[in-house]
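Q: Sending over a structure as structure tokens; questions will come in a sec.
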Number of protein chains: 2
Amino acid sequence: MIKRYRYGAPVNTEAAVIQIAESKGQTVFSERECEGKTAFGYEMEKEDRVYGLGEQMRGINKRGWIYESWNTDDPILTETRVSLYTSHNFIMVIGKNRSFGAFFDCGGKVVFDVGYTDPDVLTVTARDCNLYLIEGESALEIVQEFRGLIGTSYIPPKWAFGFGQSHWGYLNEGDIRTVAENYKACDMPLDMIYLDIDYMERFQDFTVDKKAFPDLKKLAADMKKENIRLIPIIDAAVKAEKGYSVYDEGIEKGYFCKNQKGEPYIVGVWPQDSVLPDVLNPAARKWFGSQYKVLMDEGIEGFWNDMNEPGIFYGEESMAAAVKTIEALVASGRTKKDFAEVQGAVFNLPNSMLDYGAFYHEKDGKRYCHAEVHNLFGYYMTRAAAEYFEERDPDKRFLMFSRSSYIGMHRYGGIWTGDNAAWWAHLLLNLKMLPSLDMCGFLFTGADLCGFGQNTTEDLALRWLALGIFTPLMRNHYNASRPQEYYVFKNKEAFRNLLGIRYSLLPYLYSEFVKSALRGQMLFKPLAFEYPQDGRAQTVEDQLCVGESIMIAPVYEQNAKGRYVYLPEEMKLIRMRAGDRYTQEVLPQGSHYIEVALDEVIFFLRKNRVMPLARPAKNVASLDEKNLTWLKFTDRPVTYEICRDDGFVKKNLERYIERVTVNSD
Amino acid sequence: MIKRYRYGAPVNTEAAVIQIAESKGQTVFSERECEGKTAFGYEMEKEDRVYGLGEQMRGINKRGWIYESWNTDDPILTETRVSLYTSHNFIMVIGKNRSFGAFFDCGGKVVFDVGYTDPDVLTVTARDCNLYLIEGESALEIVQEFRGLIGTSYIPPKWAFGFGQSHWGYLNEGDIRTVAENYKACDMPLDMIYLDIDYMERFQDFTVDKKAFPDLKKLAADMKKENIRLIPIIDAAVKAEKGYSVYDEGIEKGYFCKNQKGEPYIVGVWPQDSVLPDVLNPAARKWFGSQYKVLMDEGIEGFWNDMNEPGIFYGEESMAAAVKTIEALVASGRTKKDFAEVQGAVFNLPNSMLDYGAFYHEKDGKRYCHAEVHNLFGYYMTRAAAEYFEERDPDKRFLMFSRSSYIGMHRYGGIWTGDNAAWWAHLLLNLKMLPSLDMCGFLFTGADLCGFGQNTTEDLALRWLALGIFTPLMRNHYNASRPQEYYVFKNKEAFRNLLGIRYSLLPYLYSEFVKSALRGQMLFKPLAFEYPQDGRAQTVEDQLCVGESIMIAPVYEQNAKGRYVYLPEEMKLIRMRAGDRYTQEVLPQGSHYIEVALDEVIFFLRKNRVMPLARPAKNVASLDEKNLTWLKFTDRPVTYEICRDDGFVKKNLERYIERVTVNSD
């Protein structure tokens, strides 16, 4: 049962797809007004666990920290960060006596104090929001009800479940061809190569640098012959330069965000002075989405949207203040003496509230200050593209994922989990984010494998890959100085085999993904959700159930030779060195220390479950899904639902789900 | 057996206390010249483990990362950091076929590539160094031999093993008295309150702000009546201001580091323009050390030395370059257009090689560019103080610890492990640093409990305290906005009891500390060292043996209800809620999942070992060491050596170690 309560005058985020009449009266929260906001309080019991919030720091159980929904471009993802690139305002309290979910649907900042100020009190602070309250018996039930409210999750084309290589630093066609050749020469699978901002003409969206990429269409076609797709990046901001058609046209039509005087608001991003398309305005959104055509006409079938928090290096207001400060210091000869002021001017420049409070959007006939709808920008930018895709070809799935998002965007694309680093802690964080994202509808997700920032190491690359082969979006992306394409490492055979395992798992992973999307279920489930009566399972934060048949437990510590694994029930350990080379061993319920070599993947087959396994393949197109092996842990026939669509079809996917009965060993 | 090899013209660091004749010929390393440096290569076997490096990031086993000895003031301690506040150039390779230790005794930068570039190769790069090579049968044997080379570790007065509270933000006498009163009112133990830089008159070393602290002598005396000692900070840099006697005198005597023209080199630290005492020059060092007198005459018996990497916010050279850049931009109207240059000027200012290469020291009649001896600065600053203490009272121990250090300094003082953060990862890092520091002679160490930077939480404070009660230096220190004195939290009883446990453990911890110092042994030992034949023990990175009788295994994950513990042999689990409230349970060899509540401490008594336990106390002075309880896990009488000195005596401490025979249960 879902109830909706309204506070103030919330913007219509279009996160929900079901209209729910407004309720009045007492919610589960105590409510008090505080500086124009509402503080929603809830006294937690000692054993209550708190889940949700999607892409956020810390554990699967969110208790014990404070989180702020405020989409932020800042890549130093340490434990005490409170805001990341996205806002996913769905939270669940799961307790012995009471369990509920709450979605604070709000375009501006929301603060979730989950036992930070007082270990026993949850306080959510928001203004102008719709609060959806979901009562339920179990975490899985509450999630499924919530997912019904927010609509079916995005399903990408099947080829997007392959492995993709990315690097901010591939500068030209030659670099791209080299990557493809090296993967091929090392006999390693590859389905995608990503283009970062360097493919553009001076960082201008929807342009191609003709010197670096003289014939993108031919390059894309050549790659596609090898079953490799090129996936270009699109940034949120549009370079402010007369003569650049996207800018000129947007200016003419008035489609950019404006300052109080009604002039386009200037922000600084990669192309320096830029403007932001007002994607909340349907006409502007349609126009911005239609720009993707330029690249699609060259044969492009997928994109990633970036810098759409929106991340800004400076804005009109903050830059004016900084320049003024510095010029005054120089004029009065105080540059050295008061250098701290220069430092302040520099440090306060990016992502400043001075700027976020100084420009405006049009939505539903109303003008909104950006700060009120800040968290919706990435969502609507991605929606712009998705609506164009739908218009261009309503029967075909395209790849789309974004850095910034808000609940609702999960219907239009996936997300990657932002600019992480080559830290072992971020491997574990990757694991912990997965179920939290699933709760919020974001099924097509993954982290930059090996780490995006900072230099990686071969062991970290292998251990992270052993998790990455299970994540729907599987991409190696980096900006570090040390190369990390999987072919650069010493133990090439290990990387080749692990990459191959991904493809062997695809019949299972794809089927589980599609079913989870269509049925509003979670693909990655905490043990606490699957085994709610098991006290030990409730605290396990480094193992996950993936789909209906398996549990994963990756190694995430350097120099570890293995790890502890808790089995809530008897399971079959699968130890895999390659998609066609593995051992099986039944282990009893309880704790186990399991050795795992760097070139191995382990996972666990649950009791009375089966999973299909294909031969390793070099890309999704060449995957042999006819000749499947079945991993089984059952003494009786089991029915498995496998999804066998063509990988592109968009409508009525349910009809491609076949029920297969698998006999016992 | 220790051999010494010389490369280039090394500075005499005085790290070693034994003269070893120079050897010639082949070492265990392959050696090649590379840009004026020597690269020492060693092909590691797959199972070789690498230890040492003292205060550094990552695991106890250092394999798989690159580390640079270059003392650095930068508080963002993430996994990919390569340099922290100290340089501890001792490294050990422990393998099945060969084990050895190597000390690269060198004042400048040393790089340790421990399987980072190639997973199987160790490469150390240095120039102008003495290389001491120690062959041995076991890790513990190699460490003990090395510790013999570098001399006996510093032993502080016994009161310094109590608990101390610190905060960068106690502004005046009232703040200090409030802290003392609050601890007393909450019935929580306290032995020290630390004074951070705000006690000084405008950040001038060896001065007191008379407005904030009108009578420091009386304050110190009042506190001492309560058995609380005040521990002021001393910074490395001396404010450059005429009329400030320390500056005037140092200038007159020529005791500050000079630029190429022979003028005092200006660096910016807390007091703005400052100069650095040339502590490498014996006359200047003696002079600087004698300055501590000013505070000792007020009744001060201990200090902490800070900013002695030396950390500099700017220097003559870097600031001149920055100002020039900015003024040129302003003059040409390019402030906004080329704001990236302003940013560069700001970001490159602190701790710049421009500055470290531009000033000079005098040592042993030779002039050294700072960059050649950079890593020795903190060591010699602390030595300055220690030599003055010795001169002032050769029979009394004073408290001294430093942020920056180098091997050799362990004879003169302890270290705290720098500006950590309120991250769970730093709790575990605290644990991992302990044995590495012990290998390098630094026994009196500890981390800022709860975390120095960033806001802590009550559960982190409790879990960290449960480790902190075992660390010789036990201090809660912070600069975060959220108060973290232990009396501010909700569950005061838990904090009171855990603090009390520290005092109950003191007869054991102090005895083990003194014995470790006198005998050149480790206080904190990895399981791999104590159980070298146990393959599982070799990989355990989150448990430590502390002294001869116990093993610790703290909980370091948020929301965990317990943890896995590996017992290399049968042990007795001690579960403590207070120093006089505990249970005992014998557990068999192997893996165990052990529940640990937030208000509990667990540790493990080893087989055939005993440990003394006192009643909880409110400070070291009131500890009743006559009436001890003995925790025992033995079926026969065991002899334990307990140290019972007066807590101050400095010479011949060995004579206070009593052999006590304890009967079995």
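Q: Using the Cβ atoms and a cut-off under 12 Å, what net charge is assigned to the surroundings of residue B:188, where Lys and Arg are +1 and Asp and Glu are -1?
A: With Lys, Arg at +1 and Asp, Glu at -1, the net is 0.
Q: For region B:432-528, calculate the relative contact order in percent as a whole number, restricting contacts to Cα pairs under 8 Å that are 6 or more residues apart. Please report the intermediate quantities before stating the final value.
A: Working: 106 pairs, mean separation 31.9, N = 97.
Contact order relative to length: 33 percent.
Q: Moving on to the next point. Give the cross-link partners of residue B:336 among the lysines, using a straight C-alpha distance below 18 Å as the criterion and excluding same-chain residues fewer than 8 apart.
A: Straight-line reach from residue B:336, under 18 Å: A:239, A:324, B:324.
Q: Moving on to the next point. Which percent of the accessible area of region A:554-665 is formed by carbon and sulfur heavy atoms (probe 1.4 angstrom)?
A: Working: 2320 of 5250 Å².
In region A:554-665, the share of accessible area belonging to carbon and sulfur is 44 percent.
Q: Please work through chain B and write down the cysteines that have no neighbouring cysteine Cβ at a distance under 4.7 Å.
A: Lone cysteines by the Cβ rule: B:34, B:186, B:257, B:369, B:440, B:450, B:545, B:643.
Q: If each DSSP helix of 4+ residues adds -39,500 (n - 2.57) and the sum is divided by the residues in the protein assembly as shown, what number results at 222 nm, nearest 500 deg cm²/dmol?
A: Values: 30 runs with 330 residues, N = 1330.
It lands at -7500 deg cm²/dmol.
Q: Run the label-point distances for residue B:365 please: 7 Å along Cα to Cβ, every other copy, nanometres, shortest first.
A: With the label placed 7 Å along Cα→Cβ, residue B:365 yields 9.4 nm.
Q: Still on this model: Going 7 Å from the Cα of residue A:491 toward and past its Cβ, which residues in region A:543-571 have a backbone nitrogen under 15 Å from where you end up?
A: Within reach of a label on residue A:491: A:555-563.
Q: Another one. Helix hunt in chain A: which complete DSSP H runs extend at least 27 Å axially by C-alpha with mean Kyte-Doolittle at least -1.0? Present the calculation step by step, with values, prior to reporting the outcome.
A: On the way: long enough: A:492-519 (39 Å, 0.02).
Span-like helices, by this rule, are A:492-519.
Q: OK, next. Along Cα→Cβ, 7 Å out, is where each label goes; now give me the distance between the ones at residue B:118 and residue A:24 in nm to one decimal.
A: 7.8
Q: Would you mind computing, in nm to one decimal, how far apart the modelled labels at residue B:663 and residue B:337 are, each placed 7 Å from Cα along Cα→Cβ?
A: Taking the two extended label points, one gets 9.3 nm.
Q: Which lysines does residue B:109 reach when only Cα atoms under 26 Å apart count, and residues fewer than 8 places away in its own chain are ignored?
A: Once the sequence-local lysines are set aside, what remains near residue B:109 is B:3, B:24, B:37, B:62, B:258, B:261, B:363, B:366, B:432.
Q: In addition: Put B:572, A:225 in order of accessible area, largest first, 1.4 Å probe: what do you get?
A: Details: B:572 20, A:225 155 Å².
From most accessible down to least: A:225, B:572.
Q: Shifting gears a bit: Need the per-residue list for region A:330-348: every residue with at least 30 Å² less accessible surface in the complex of protein chains than in the chain by itself, probe 1.4 Å, sorted by number.
A: A:330, A:335, A:336, A:339, A:343, A:346, A:347
Q: Hey, another quick one. Sort shortest first the distances from residue B:328 to its counterpart in every other copy, using label points 7 Å along the Cα-to-beta-carbon line, and give them in nm.
A: 2.7
Q: A further question on this structure: Compute, for residue B:369, the solvent-accessible surface of its heavy atoms (probe 1.4 Å) with the complete set of protein chains present, and express it in square angstrom to the nearest 10.
A: 30
Q: Please work out the C-alpha center-to-center distance from region B:253-269 to region B:294-366 and express it in whole Å.
A: 13
Q: Same structure again: For region A:412-470, evaluate the Debye formula with one uniform point scatterer on each Cα (no solvent term) and list log10 I(q)/I(0) at q = 0.17, 0.25, 0.31 Å⁻¹, rounded to two decimals.
A: Treating every Cα as an identical point scatterer, log10 I(q)/I(0) equals -0.51, -0.99, -1.34.
Q: Copy-to-copy spacing for residue B:341, label 7 Å out on the Cα-to-C-beta vector, in nm, shortest first?
A: Distances to the matching label points in the other copies: 2.2 nm.
Q: Can you figure out the FRET efficiency of residue A:646 with residue A:626, using R₀ = 22 Å and their beta-carbon distance, to the nearest 0.05?
A: On the way: r = 14 Å, r/R0 = 0.64.
Calculated transfer efficiency: 0.95.
Q: Once R0 is set to 51 Å, what does the formula 1/(1 + (r/R0)^6) return for the Cβ-Cβ distance between residue A:74 and residue B:263, expressed as a FRET efficiency to the nearest 0.05? Could the numbers behind the result be given before it?
A: Numbers: r = 42 Å, r/R0 = 0.82.
E(calc), rounded to 0.05, equals 0.75.
Q: In region B:530-554, which residues give up 40 Å² or more of accessible area once the other protein chains are added, compared with their chain alone (1.4 Å probe)?
A: Output list: B:536, B:539.
Q: Here's a follow-up. Can you tell me the relative contact order of chain A? Whole percent, Cα pairs under 8 Å, sequence separation 6 or more.
A: Values: 1590 pairs, mean separation 91.5, N = 665.
About 14 percent, as a whole number.
Q: If you don't mind, there's one more thing I want to ask. Compute the signed sum of charges (Lys and Arg +1, Asp and Glu -1) over the other residues within less than 11 Å, Cβ to Cβ, of residue A:171.
A: Working: positive: A:211; negative: A:173, A:175, A:196, A:198, A:209.
Taking every Cβ under 11 Å from that of residue A:171, the sum is -4.
Q: Can you pull the percent of region A:11-90's accessible area that's carbon plus sulfur, 1.4 Å probe, other chains left in place?
A: Working: 1540 of 3070 Å².
It is 50 percent, rounded to a whole number.
Q: Quick one: order B:654, B:35, A:55 from most to least accessible surface, probe 1.4 Å.
A: Working: B:654 90, B:35 155, A:55 0 Å².
Largest accessible area first, the list is B:35, B:654, A:55.
Q: Total accessible area buried between chains A and B, 1.4 Å probe, in Å² to the nearest 100?
A: Working: alone 24540 and 24570 Å², together 44350 Å².
That pair of chains buries around 4800 Å² in total.
Q: Rolling a 1.4 angstrom probe over the protein heavy atoms, how many square angstrom per residue are accessible across the protein assembly as shown?
A: Numbers: 44350 Å² over 1330 residues.
On a per-residue basis, the protein assembly as shown sits at 33 Å².
Q: Moving on. Which number gives the lysine pairs in region A:541-665 that have C-alpha atoms under 29 Å apart and are eight or more places apart or on different chains?
A: The result is 15.
The values are calculated or read from the model by the stated rules, or taken from the named source; none is laboratory data. Not measured: the values here are computed from a predicted model. Here Cβ is always computed from backbone atoms with ideal geometry, including for glycine, and neighbour counts include all displayed protein chains. Remember, those area values only see protein heavy atoms, side chains included, never the ligands or the DNA or RNA. Shrake-Rupley method; radii C 1.70, N 1.55, O 1.52, S 1.80 Å.
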